[in-house]
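The values are calculated or read from the model by the stated rules, or taken from the named source; none is laboratory data. The structure displayed is predicted, hence computed values, not measured ones. Glycine also receives a Cβ, built like all others from the backbone with ideal geometry; neighbour counts cover every protein chain displayed. Note: accessible area is taken over every heavy atom of the protein model, side chains too, but ligands, DNA and RNA are not part of it. Shrake-Rupley method; radii C 1.70, N 1.55, O 1.52, S 1.80 Å.
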Amino acid sequence: MTTKLLIFGITGDLSRRKLIPALERITQAGTYDDLEIIGVSRREVDESMLIRDSGLASRTSIVTMDLSKAEDYERLKTAVNLSEDDQLLIYLSVPPAASGQIVQLLGQAGFNDDRVKIMLEKPFGTDLESAKRMAEQINAWFDDEQVYRIDHYLAKEMAQNIVAFRAHNALFAHVWDNSAIEKIEIHAYESIDIEGRAQFYEQTGALRDLVQGHLMQLLSLVIMDIPGDMHWSQVSTHRLNALQSLQSADMRTTVRAQYDGYQDDVQNPGSTTETFVSVRLESDAPKWTGVPFYLTTGKALDQKLTEIKVYFKKFHDAQTNCLIFRIQPEVGIEIALNTLKPDYEYEYEETHLSFGYPADVVLPDAYEQVIVDAIRGHKHIFTSNAEVIRSWEILQPLVSHWSMCEACNHTYAKGSTAEQVLADAPRPHEND
Ligand code: BG6
């Protein structure tokens with residue numbers, strides 16, 4: 001079966017930074033020699049500027065069209081020229097406001113038969129209602145089986161390894177509940193600021209940008225049930241069950257802050273958009289009651305670090321208790337251990353048992369994984385509509401409260417550590 005990949009927004013930032021390099025690596029590996037790429041652009045482009053790699057140049061064509069004109073989609077259909085045993089992946093790398101109309105025009109032009117998969121980039125709505133509307137718009141033309149919602153955090157190497165680690169190591173399966181676990185923290189710290197994405201970020205903020213998708217997905221991988229006979233194809237259902245067990249987020253235990261200088265960056269004095277957020281969640285599942293989950297993310301912090309820390313209950317203070325899934329920049333798993341110091345004194349020292357990849361192993365980039373899994377129809381690294389809606393339901397109390405609240409931002413200096421922000425930021429309603 002030949003795969004044709006139709007990319008809307010081929011000249012855009014994501015395409016340049018992520019998709020084209022990922023496609024270069026996939027085709028260089030020789031796995032998909034017959035992959036054809038058709039880029040859609042609103043303006044004439046110099047293909048040679050866009051596609052540097054000769055391997056891609058020979059398999060890429062560009063169609064220039066007006067994205068709002070139905071007749072241009074007919075022309076596009078002719079250019080794609082799908083035969084009976086081809087499959088077509090349609091990648092929408094366009095602003096969310098544009099995707100609804102494109103999906104509709106694609107559907108009207110008959111692009112929605114069962115040889116077609118449609119790949120969508122976040123954001124999937126900006127709140128619960130808009131997410132439901134977006135789903136309705138898409139499902140009016142495409143069956144949900146055909147829809148591949150990308151969450152590139154799910155495609156990161158260590159994210160998938162969480163499932164493998166939990167499923168295939170008896171030691172941890174025995175202690176993966178509230179009898180042994182005290183709390184779980186998920187951190188996604190970024191040293192970059194909003195990097196000029198003022199319009200996008202003003203409508204988004206840290207909660208929508210990182211927590212609603214990426215961090216909720218990571219949490220669900222950590223707390224979902226993993227039956228002994230689980231197949232990868234069932235992972236999405238188990239993630240959904242985990243999300244369904246979570247209680248709604250609570251303002252009283254949420255911390256929200258903005259880096260100093262953000263309002264100048266977005267030229268909006270008085271903006272209340274948060275660039276840092278820490279949400280505490282809890283589950284109603286009997287095995288997780290009493291275990292708090294902290295999801296924390298922020299821009300303009302002191303470092304780029306994504307990790308999941310699982311803290312075990314201690315029997316006494318002189319014990320270590322932390323297991324870390326390192327997602328980036330280092331990739332691996334680490335356990336802190338107390339061991340005897342190698343001398344005559346019978347003293348202890350903290351050492352680390354760790355798993356990492358050898359320096360010569362090149363891990364696939366998340367976007368490579370996304371494209372390959374979409375070609376193969378492996379849906380477990382994509383987010384289902386039900387997961388998207390459930391995540392919004394959990395976070396909606398915060399979204400609703402913040403839309404009415406003008407003055408709930410605390411400011412932090414660029415380069416702060418997350419711990420500093422958390423220590424300084426007020427928890428506005430903790431004692432209500
Ligand atoms: C994106 C967000 O989804 O993820 C960005 O929109 C963020 O704001 C980025 O910087 C982080 O991705 P990564 O893979 O660099 O951690």
Q. Would a scan of the range 159-179 turn up a residue that is in contact (Cβ under 8 Å) with a residue 60 or more places away in the chain, within 16 Å of the ligand (Cβ to nearest atom), surrounded by 17 or more Cβ atoms within 10 Å (Cβ to Cβ) and farther than 25 Å from SER245 by Cβ?
A. no
**Q.** Out of ASP151, ASP143, sole residue that is away from the ligand (no atom under 11 Å from the Cβ), under 23 Å from ARG376 (Cα atoms) and not hydrophobic (A, V, I, L, M, F, W, C)
**A.** ASP143
Q: Kindly indicate which of GLY39, GLY30, GLY100, GLY9 is open to solvent by 10 Å² or more (accessible area, probe 1.4 Å) and more than 25 Å from LYS132 (Cα to Cα).
A: GLY30
Q) Hey, any hits in the range 249-265 for a residue that's within 16 Å of the ligand (Cβ to nearest atom) and open to solvent by 10 Å² or more (accessible area, probe 1.4 Å)? A) yes
**Q.** Residue check, ARG326 modelled with pLDDT under 95, in the same structural domain as GLY205 (by TED's automatic domain parsing) and open to solvent by 10 Å² or more (accessible area, probe 1.4 Å)
**A.** no
Q) What do you reckon, is THR339 open to solvent by less than 30 Å² (accessible area, probe 1.4 Å), assigned to a strand (DSSP E or B), assigned by TED's automatic domain parsing to the domain that holds ARG239 and within 24 Å of HIS352 (Cα to Cα)? A) no
**Q.** Residues satisfying the stated conditions in the range 146-156, i.e. over 20 Å from GLN212 (Cα atoms) and in contact with a helix residue (DSSP H, G or I) (Cβ under 8 Å, 6 or more places away or on another chain)
**A.** none
Q. Within the range 238-263, how many residues turn out to be free of Cβ contacts under 8 Å to residues at least 60 places away in the same chain and of a type outside the set (Gly, Ala, Ser)?
A. 3
Q.
Restricting to the range 297-341, count the residues that are polar (S, T, N, Q) and away from the ligand (no atom under 16 Å from the Cβ).
A. 5
Q: Go through the range 222-237 and give me each residue that's surrounded by fewer than 23 Cβ atoms within 10 Å (Cβ to Cβ) and in a helix (DSSP H, G or I).
A: VAL222, TRP232, SER233, GLN234, VAL235, SER236, THR237
Q: Starting from residues that are under 19 Å from SER278 (Cβ atoms) and part of a helix (DSSP H, G or I), keep the ones in the range 190-209 and report whichever is farthest from the ligand (Cβ to nearest atom).
A: LEU207
